[in-house]
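Asker: My questions all concern the structure below.
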Amino acid sequence: MSYTIGIWLWILGFPALFLAGYRRFGARTPFGSTTWLAGLPTLAMLGWTTYCRFFWPKLHPPTWNAPSYTFVCWLYCSSYDVVWSNTAYVIALLGIVATLLAMRHQDADEYALLGFGLLALPLGLPALYEGYRRTTVRQPEEL
């Protein structure tokens, strides 16, 4: 029981590290909020997806309480069905696209961040916050 509680507290609390890093160092890092709230969670997702797919020792039968960082990863760890791992890679690819759009301040960057954040929950909470923050910032009126 304590393993299950501990692993789920870690999973739900890990995104707070990116938010805390942004709060403390966000303005002093290249690309500011985009680095902490989109880029680093995307890198974490890519790394963990690769680790889970190729190196994680697979339990037989699969268990519902394996450590997972997104709901899609949880589906993979609960079934070892490769389609869920591939889906996690597609979501990470969306995170890369969203990060690049946000770094260049392109149109619709906030919607790409929101999409990545929703699909990568709970790891996507920082990107969800950044996307929401960008949608609520008032844009200067066009002349």
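Asker: Considering segment 46-102 alone, what residues qualify as being of a type outside the set (V, I, T), surrounded by 15 or more Cβ atoms within 10 Å (Cβ to Cβ) and in contact (Cβ under 8 Å) with a residue 60 or more places away in the chain?
Answerer: The answer is P67, A98, A102.
Asker: Regarding T49, is this residue within 17 Å of P122 (Cβ to Cβ) and of a type in the set (S, T, N, Q)?
Answerer: yes
Asker: Looking at segment 10-35, which of its residues are touching a Phe, Trp or Tyr at 6+ places or on another chain (Cβ under 9 Å), open to solvent by less than 50 Å² (accessible area, probe 1.4 Å) and over 16 Å from L119 (Cα atoms)?
Answerer: Selection gives F14, F18, G21, G26, T29, G32, S33, T35.
Asker: Among the numbered criteria (1) at pLDDT below 85; (2) open to solvent by 40 Å² or more (accessible area, probe 1.4 Å); (3) within 25 Å of Y89 (Cα to Cα), which one does I7 miss?
Answerer: Condition (2) is where I7 drops out.
The values are calculated or read from the model by the stated rules, or taken from the named source; none is laboratory data. Small disclaimer: the values here were computed from a predicted structure and weren't measured. Positions of Cβ are generated from backbone atoms using ideal geometry, with glycine treated the same way; all protein chains shown enter the neighbour counts. Please note that ligands, DNA and RNA were not included when accessible areas were found on the heavy atoms of the full protein model with its side chains. Shrake-Rupley method; radii C 1.70, N 1.55, O 1.52, S 1.80 Å.
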